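Student: There's a structure below that I have some questions on.
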Amino acid sequence: MGFFEKLKNGLAKTRKGITEKIEQVLVSFGKIDDELFDELEEILIAADVGIGTTMKITDNLRKKVREGKITNASEIKNLLKEELTRLMETEDSGLKLDTVPSVILIVGVNGVGKTTSIGKLANYYKNMGKKVILAAGDTFRAAAIDQLRIWANRVGVEMISHSEGSDPAAVIFDAVQAAKARRANLLICDTAGRLHTKKNLMEELKKIYRVIEKELPGADVETLLVLDATTGQNAVAQARTFSESTNVSGIILTKLDGTAKGGIVIAVKSELDIPVRFIGIGESIDDLQPFDPREFIEALFS
Amino acid sequence: MVFEGLSSKLQETLKKIRGAGRVTEKDVKEMMREVRLALLEADVNFKVVKDFINRVSERCVGQEVLESLTPGQQVIKIVNEELIELMGGTQSRINFSPRPPTIIMMVGLQGSGKTTASGKLANLLRKQGKRPLLVACDVYRPAAIKQLEVLGSQLNVPVFSMGDKISPVDIAKAAIEHAGTGGFDTVIIDTAGRLHIDEELMDELYNIKNAVKPHEILLVVDAMTGQDAVNVAESFNEKLGIDGIVLTKLDSDTRGGAALSVRAITGKPIKFAGTGEKLNDLEPFFPDRMASRILGMGDVLSLIEKAQESFDEKKALELERKMRSQQFNFNDYLEQLEQLKSMGPLDKILGMLPGMNDKMLKSISVDEKKLARTEAIIKSMTKKERLDPSIINASRRRRIAAGSGTSIQEVNRVLRDFEEMKKMMKMFSDMGKRGKKGFGRFRMPF
Ligand SMILES: Nc1nc2c(ncn2[C@@H]2O[C@H](COP(=O)(O)OP(=O)(O)OP(=O)(O)O)[C@@H](O)[C@H]2O)c(=O)[nH]1
Ligand SMILES: [Mg+2]
């Protein structure tokens, strides 16, 4: 190594040392600290993480700074990303759909993307070699059955339906029998959009869930709640109430192709421990992806 | 839960801030911290919150505190007023064209509720004596046209459609022609949901607008929308120049801060609110109700309103002067009782006070009957007696008891209460003279 190079390296070291020290000092004086935390807080709030969860997260981070676990201000943002990623990760390797048949029940409030997601899911699992059947459980909304039929035809799977206005639990019952008879791998059930505040409609959903449990004892049943990424704090209430009536096991987060970040799923995970399973990123048949925590958190900060 | 924490924190803060005759910067700061949390928790966009807080803070500092309120309440009162102001007046009217047909175009994100809102609007307008025509311009979502057709047949409102192979611009143009020959005076165009960043589809809306020149473009917004509401509203408004907003799904339990966000960012009025799945669940929009829903402090707000309505500031000042100068007499006492009464059932009012709970209420147990008897007794006194109670001797007491239909014991009680009160007032006013904190102006005696 030449003399100049040595000198340069040495300088770099000291330079690094000095800036680090300055940052440390600033952190302990709370200067970078406050501004940085304000910025982080703003990012999270703008992403709909919610003020409660945001404060919980940043308070935790502040504590670590105070305890001296973090000495470098620039580490804070990365640490935050790490923690959020860890929060959003699950231990299992995805949905458990091993029995024949197994069931996915799709629930959610009006217009979040249930029927569209079912079309995409049917395609996803058909491509994995599964035999899929759809159940037209939305007998309430005008033309909901026609909408699902168009998706069934697009994907090339069978759909079981009754007429508009009939009992949705009866449709599900028939669909379960059909799935058994045809040895289908997977039955995916559509349901009418309903606000979680409507008691009678939530009861109706319970009834549907009971039919599945009763007719397919021991079968793998996944209830997926569809959340619209543009939804704000109300999504937590949605997740809580839908869980009470149908034992929600996962979330499909739709409309992430817009400008909304869907950060509310962080609050849902931290408060209710319900993991995100899929994301919707458009209206076409392929616009569904398994949820990737790292990518999701990265997008939150971009 | 955060929200519960919030309202009790607010009550704490309201309790802490008392006393001063003017709202201080510190009061405002403390209250604004809570207001900020409330607004963010309600999904109001954080930039809108920032602007709002800055503006309101300025207005609050130095404000004279109304006699009947604490500075904390005064601040909340101003916040509420500003919120209502920002939300706009009640404008649930469509701009009807002098030359029919009036053309209304519904736009918005996917799943916001355009098709249902179109049906509801047709229903409402028909009730107002119009002949509406629904137009199916959503050629993208599977079975969207069918959905509108089903709604139309349920309502008995004709639906114009040309299938999903024709461009929405051409469908809209043909529909207007059809309306002219068919004698329809109102045309409601249902368009496909789209993302505000989808340039191609936003251009399509622009082209429909150019082709049919709608008199009213309504942006349909889901009341549960979060922070992104501002981006959506801004983009649609910039591209199309919207005339109003329809807020849907208000029958959910959302606080609905998106209403404030879209209103603040576009300046356009919220004209209607969707409140259910049935086709007559479309209501006029009430800014004051929305404000208290967003703020989430309904109880505190109604207390403030009541206190303010029934408390006359001048009289309060006069009373204060008398208290200080020890001239408080039975006429003043009577007046006070009347003011108390005009505020409505006492325990209800006490119930609205921050920090009151059921248990405390029970222990207070306001005896309204006793209050009424007290009033009757005072009213049975002569003018002289009221001004100078010291002249009320045994025979006068008997007369007063008979006149008021009460007993001598009751009359004695009232006289004792009055003396008690006078003593208390002297104490208060001495405290005030010594400049002690905790006594500013006269407040309600409960
Ligand atoms: N951009 C975008 N649009 C989506 C996505 N998922 C669904 N949509 C659109 O959202 C709208 C509503 O979707 P649906 O599938 O009908 O929603 P739903 O939950 O079944 O609605 P209801 O049955 O009426 O409650 C449609 O226009 C879909 O095309 C997505 O991931 N991205
Ligand atoms: Mg559906």
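The values are calculated or read from the model by the stated rules, or taken from the named source; none is laboratory data. Please read all numbers here as calculations on a predicted model, not as lab measurements. Every residue, glycine among them, receives a Cβ derived from its backbone with ideal geometry; neighbour counts consider all protein chains shown. The accessibility values were calculated without ligands, DNA or RNA, using every heavy atom of the protein model including side chains. Shrake-Rupley method; radii C 1.70, N 1.55, O 1.52, S 1.80 Å.
Student: For A:Thr116, state whether it is of a type in the set (S, T, N, Q), assigned to a helix (DSSP H, G or I), within 16 Å of ligand 2 (Cβ to nearest atom) and buried (at least 16 other Cβ atoms within 10 Å of the Cβ).
Tutor: On the way: of a type in the set (S, T, N, Q): yes; assigned to a helix (DSSP H, G or I): yes; within 16 Å of ligand 2 (Cβ to nearest atom): yes; buried (at least 16 other Cβ atoms within 10 Å of the Cβ): yes.
It is true that A:Thr116 is of a type in the set (S, T, N, Q), assigned to a helix (DSSP H, G or I), within 16 Å of ligand 2 (Cβ to nearest atom) and buried (at least 16 other Cβ atoms within 10 Å of the Cβ).
Student: Go through the stretch A:51-65 and give me each residue that's out of contact with any Phe, Trp or Tyr (no Cβ under 9 Å at 6 or more places or on another chain), surrounded by fewer than 21 Cβ atoms within 10 Å (Cβ to Cβ) and either away from chain B (no Cβ under 14 Å) or under 22 Å from B:Asn231 (Cβ atoms) (or both).
Tutor: A:Asn60, A:Lys63, A:Lys64
Student: Given the structure, is B:Ser167 free of Cβ contacts under 8 Å to residues at least 60 places away in the same chain and more than 30 Å from A:Thr231 (Cα to Cα)?
Tutor: Against the criterion (free of Cβ contacts under 8 Å to residues at least 60 places away in the same chain and more than 30 Å from A:Thr231 (Cα to Cα)), B:Ser167 qualifies.
Student: Only one residue in A:Arg210, A:Arg294 is over 11 Å from the mean Cα position of the chain (by Cα), basic (Lys, Arg), part of a helix (DSSP H, G or I) and within 26 Å of A:Thr99 (Cβ to Cβ). Which one? Reasoning before the result, please.
Tutor: Working: A:Arg294 fails: within 26 Å of A:Thr99 (Cβ to Cβ).
Only one candidate passes the filter, namely A:Arg210.
Student: Further question: Is one or more of the residues making up the stretch B:232-245 hydrophobic (A, V, I, L, M, F, W, C), open to solvent by less than 40 Å² (accessible area, probe 1.4 Å), in a loop (DSSP other than H, G, I, E, B) and within 11 Å of another protein chain (Cβ to nearest Cβ)? Explain how you work it out, then say what you get.
Tutor: Taking the stretch B:232-245 first, the residues hydrophobic (A, V, I, L, M, F, W, C) are B:232-233, B:236, B:240, B:242, B:245.
With the extra rule that they be open to solvent by less than 40 Å² (accessible area, probe 1.4 Å), the set shrinks to B:232-233, B:236, B:240, B:242, B:245.
Narrowing further to those that are in a loop (DSSP other than H, G, I, E, B): B:242.
Of the ones still in play, those that are also within 11 Å of another protein chain (Cβ to nearest Cβ) are none.
Checking the stretch B:232-245: not a single residue is hydrophobic (A, V, I, L, M, F, W, C), open to solvent by less than 40 Å² (accessible area, probe 1.4 Å), in a loop (DSSP other than H, G, I, E, B) and within 11 Å of another protein chain (Cβ to nearest Cβ).
Student: Considering only residues that are farther than 22 Å from B:Pro132 by Cα and either in contact with a Pro (Cβ under 8 Å, 6 or more places away or on another chain) or more than 16 Å from ligand 1 (Cβ to nearest atom) (or both), which ones fall in the stretch B:168-206?
Tutor: Those that are farther than 22 Å from B:Pro132 by Cα and either in contact with a Pro (Cβ under 8 Å, 6 or more places away or on another chain) or more than 16 Å from ligand 1 (Cβ to nearest atom) (or both): B:Asp203, B:Glu204, B:Tyr206.
Student: Given (1) away from ligand 2 (no atom under 16 Å from the Cβ); (2) more than 14 Å from chain B (Cβ to nearest Cβ), identify the lone condition not met by A:Asp48.
Tutor: (2)
Student: Within the stretch A:119-152, how many residues turn out to be β-branched (Val, Ile, Thr), away from ligand 1 (no atom under 13 Å from the Cβ) and open to solvent by 40 Å² or more (accessible area, probe 1.4 Å)?
Tutor: Just the residues of the stretch A:119-152 that are β-branched (Val, Ile, Thr), to begin with: A:132-133, A:139, A:145, A:150.
Then drop every residue that is not away from ligand 1 (no atom under 13 Å from the Cβ), which leaves A:132-133.
Checking the rest, the ones that are also open to solvent by 40 Å² or more (accessible area, probe 1.4 Å) come to none.
Of the residues in the stretch A:119-152, 0 are β-branched (Val, Ile, Thr), away from ligand 1 (no atom under 13 Å from the Cβ) and open to solvent by 40 Å² or more (accessible area, probe 1.4 Å).
Student: A follow-up question, please. Scan the stretch B:202-221 and give yes if some residue there is assigned to a helix (DSSP H, G or I) and within 12 Å of chain A (Cβ to nearest Cβ), otherwise no.
Tutor: no
Per-residue answers, yes or no, for (1) within 14 Å of chain B (Cβ to nearest Cβ); (2) farther than 30 Å from B:Ala223 by Cα:
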| position | (1), (2) |
| --- | --- |
| A:Glu67 | no, yes |
| A:Asn72 | no, yes |
| A:Ile76 | no, yes |
| A:Leu121 | no, no |
| A:Gly129 | no, yes |
| A:Ala142 | yes, no |
| A:Leu148 | yes, no |
| A:Val171 | no, yes |
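Student: May I ask you to say which residue of B:Gln128, B:Gln91 is touching a strand residue (DSSP E or B) at 6+ places or on another chain (Cβ under 7 Å) and either more than 14 Å from every other protein chain (Cβ to nearest Cβ) or under 22 Å from A:Val109 (Cα atoms) (or both)?
Tutor: Being touching a strand residue (DSSP E or B) at 6+ places or on another chain (Cβ under 7 Å) and either more than 14 Å from every other protein chain (Cβ to nearest Cβ) or under 22 Å from A:Val109 (Cα atoms) (or both) holds for just one of B:Gln128, B:Gln91, which is B:Gln91.
Student: Moving on to the next point. If you go through the stretch B:92-112 one residue at a time, do you hit one that is open to solvent by 40 Å² or more (accessible area, probe 1.4 Å) and hydroxyl-bearing (Ser, Thr, Tyr)? Working first, answer last.
Tutor: Kept after step one, since they are open to solvent by 40 Å² or more (accessible area, probe 1.4 Å), are these residues of the stretch B:92-112: B:93, B:95-96, B:98-100.
Still in the running and hydroxyl-bearing (Ser, Thr, Tyr): none.
Taking every residue of the stretch B:92-112 in turn, none turns out to be open to solvent by 40 Å² or more (accessible area, probe 1.4 Å) and hydroxyl-bearing (Ser, Thr, Tyr).
Student: Take the residues in the stretch B:246-262 that are in a helix (DSSP H, G or I) and more than 25 Å from B:Lys213 (Cβ to Cβ), then tell me which one is nearest to the other protein chains (Cβ to nearest Cβ).
Tutor: Out of the qualifying residues, it is B:Ala258.
Student: For the stretch A:211-240, name all the residues that are in contact (Cβ under 8 Å) with a residue 24 or more places away in the chain, of a type in the set (D, E, K, R) and away from ligand 1 (no atom under 13 Å from the Cβ).
Tutor: A:Glu215, A:Asp220, A:Glu222, A:Arg240
Student: Mind listing whichever residues of the stretch A:199-224 are buried (at least 17 other Cβ atoms within 10 Å of the Cβ) and within 14 Å of another protein chain (Cβ to nearest Cβ)?
Tutor: A:Leu201, A:Met202, A:Glu204
Student: Please go through the stretch B:141-196 and give me each residue that is in a helix (DSSP H, G or I) and within 14 Å of chain A (Cβ to nearest Cβ), ordered by number.
Tutor: Selection gives B:Ala144, B:Ile145, B:Lys146, B:Gln147, B:Leu148, B:Glu149, B:Val150, B:Leu151, B:Gly152, B:Ser153, B:Gln154, B:Leu155.
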